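The values are calculated or read from the model by the stated rules, or taken from the named source; none is laboratory data. Bear in mind that the values here come from a model prediction, so they are computed numbers and not experimental data. Because the Cβ atoms are built from the backbone with ideal geometry, glycine has one as well, and the counts that use them run over all protein chains shown.
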Amino acid sequence: MDPEEIARLVNEMKLSRSDPKEIVNLEEAEIRIEEERLSRCLVAKVLLSKAINRDAFRQQLPRILQAERRMNIEATGDNTFVFEFYSIRDRNRALNEGPWNFSRNLLICKEPTGLNNPRSMLFEEINIWVQLHNIPLAFLQKDLLMKLGRQIGQIVELDRGENGAFLGRFARIRVRINITKQLRKCLRISAMRDEEDTIILLVYERLPDFCYACGRLGHSCRECDDEDADKVNHSFGVWMRASSHAGGGRSNRGSGVKHDETKNAVPTQDESGQTKLTGLD
Ligand SMILES: [Zn+2]
């Protein structure tokens, strides 16, 4: 049966009063979760308002995720899938090294959470490398980069750069962001002794298609229903998409400072765009 058909019938029966109300109670001990198998699975969703071509998805996905061994892909509806990997390395890469794109649409992978139905899982956050361009040399130090990174999202990792001293044409910070919110375009910095604010441009690596009118992922400008968004003079642009994954000759792996604030942090984002830095020489 088609997953959409199953979802429709389940909803109908939830609402129906004519169906029997007997509930089968399951004790926790009776529920045998195959933990080993579950640990090899991820739940994934393609963020697109219309249904994707599932055959093309199944065919292209192992290449997109750079899977070295085979994987099973089961559709659960609404562009949502369960992936079963036969290699933990493949599974961990899919989970940790995104964001991934299918036909330039965002594909979010998450760990399944116990008994949760994949349909009821929320796909609202991703980890993404953000490049900070036009950043003054004086800002290229760990504490200040942490402060700037927190304005974008929860910090997952800092890229120290090739020489380990954060120096480079731009800074790189991996952050967890909420994709239901507008992407930040810049950070406006007011540093002591500077007469003018410094604007740091934010460029995202592996950024899928997004709406240049409202700055959100998952729809195009034509489909945008944000009444406040300027559909003619777009405030956002293709410049926010990095041309390479780890530009400036920086590595995507191994050189970073792991600083995962996402474990128990409460998501916060300062929408004011203003960061005050004091004590800079
Ligand atoms: Zn929009």
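For this structure, a couple of remarks:
- All positions within the stretch 210-246 that are exposed (fewer than 12 other Cβ atoms within 10 Å of the Cβ), among the hydrophobic types (A, V, I, L, M, F, W, C) and assigned to a loop (DSSP other than H, G, I, E, B): VAL232
- Strands (runs of 3 or more DSSP E) wholly inside the stretch 46-102 that include at least 1 residues being crowded, with 19+ Cβ neighbours inside 10 Å and aliphatic (A, V, I, L, M): 71-77
- Test: PHE166 is assigned to a loop (DSSP other than H, G, I, E, B), at pLDDT below 90, in contact with a Leu (Cβ under 8 Å, 6 or more places away or on another chain) and at positive phi: yes
- The residues of the stretch 163-187 that are surrounded by fewer than 14 Cβ atoms within 10 Å (Cβ to Cβ) and farther than 15 Å from LEU144 by Cβ, listed by number, are ASN163, GLY164, ARG169, THR180.
- Checked against the criterion of being part of a loop (DSSP other than H, G, I, E, B), closer than 18 Å to GLN131 by Cα and more than 15 Å from the ligand (Cβ to nearest atom), the candidates ARG206, ARG193 yield just one match: ARG206.
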